[in-house]
Amino acid sequence: MAGPLDGIKILECSTWGFGPIGGMMLGDLGADVIKIESPTRPDAARFVESVAGIPNMMPDGHSALFEAVNRNKRSLALDLKSERGRELFRDLIVDTDVFIENYRPGTFEKLGLSTEALMEINPRLIHAATAGYGFKGAESHLPALDAVGQARGGFMYSGGGPDDPPNWNTLGIADVMGATCLAYGVLAAISGRELNGGKGQRIEVSHIMATMWLQFWGISVGMMQGLDLWPRFDRSNAANPLWNLYRCGDDKWLMLGILEAERDWESFCRAMGLDEIVDDERFASLEAIGEHCEELIAIMEGRFASAP
């Protein structure tokens, strides 16, 4: 069955996760994605031995990481540093809808393959470029990978408890969110092209943009409230203990997600076998629960710890 992007041709010159995941997502929607790699320096994700300490190479010699982010693609080796390679690339651009690349800003300009040069060949082209820190400013020329993107965008601080050090989320959050924003931008540009007389455009996506977007709630509310930092979650002092993490008797953790504690208080207590605190004055209102949250958390920790 044809996907919504059936008939859309995409050239992808990208490595590791950011660009490849974006191309993969568009391929999942039916686009014809052609991944272009250097014949002498192919995507390094093909050869990485481990990812976050987990063995990456499969028994058949293939990279699990590479396979995971490059499905639904055709492959082409092309040396863009050679004139012949660039000539062939320009030939491919003629009928290409989208060009995705995640090399350091300025790389394709140095090769004579800038957005302007490519759109002279194909005015309908959508050029989606990625970077670590955006395309303007003192840091725009610097290289970046997922972990650095998480750090620079402040995302490493968002997890953990109040006294925990910053921590890298090993699931590639900056790459995955950046790729999602890239695919979102490409879809918008394809729609915009059809609405604006077939004119292509350039899309720019960065790690710092993507990780800050993941934190938009805290950033937006924090700025309006004059906060320097959005507070980390403290499970030992959660104002609403019914919205908290608890360790159960089988050593597994449970996330309790009751947002309206006052409304659901009695039914929660009955279900948990905590009938003795249903009418406890310490927990008679949301305000009272907040004032005595540590006491309630201790009671609930004991109850959850007593059962799997």
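The values are calculated or read from the model by the stated rules, or taken from the named source; none is laboratory data. Bear in mind the structure is a predicted one, so any value in this text is a computation, not a measurement. Cβ coordinates were reconstructed from backbone atoms using ideal geometry, including for glycine residues, and neighbour counts include every protein chain displayed.
Right, Ser50: hydroxyl-bearing (Ser, Thr, Tyr) and within 21 Å of the chain's Cα centre (by Cα) or not?
Criteria met by Ser50.
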Practice prompt. Answer with yes or no whether Met224 is out of contact with any strand residue (DSSP E or B) (no Cβ under 9 Å at 6 or more places or on another chain) and surrounded by fewer than 18 Cβ atoms within 10 Å (Cβ to Cβ).
Written response: yes
Practice prompt. Residue by residue through the stretch 261-274, note down the ones that are under 19 Å from Tyr246 (Cα atoms) and loosely packed, with under 15 Cβ neighbours inside 10 Å.
Written response: Asp264, Ser267, Arg270, Ala271, Gly273
Worksheet item: Is the stretch 200-212 home to any residue that is part of a loop (DSSP other than H, G, I, E, B), at pLDDT below 95 and not hydroxyl-bearing (Ser, Thr, Tyr)?
Response: no
Worksheet item: Could you count how many residues in the stretch 9-57 are surrounded by 21 or more Cβ atoms within 10 Å (Cβ to Cβ) and more than 14 Å from Ser75 (Cβ to Cβ)?
Response: 8
Practice prompt. Mind listing whichever residues of the stretch 149-172 are in contact (Cβ under 8 Å) with a residue 24 or more places away in the chain, crowded, with 18+ Cβ neighbours inside 10 Å and not aromatic (Phe, Trp, Tyr)?
Written response: Gly149, Gln150, Arg152, Gly153, Gly154, Ser158, Gly172
Worksheet entry | Qualifying residue in the stretch 82-91 (condition: touching a Lys or Arg at 6+ places or on another chain (Cβ under 7 Å) and under 27 Å from His207 (Cβ atoms)) | no
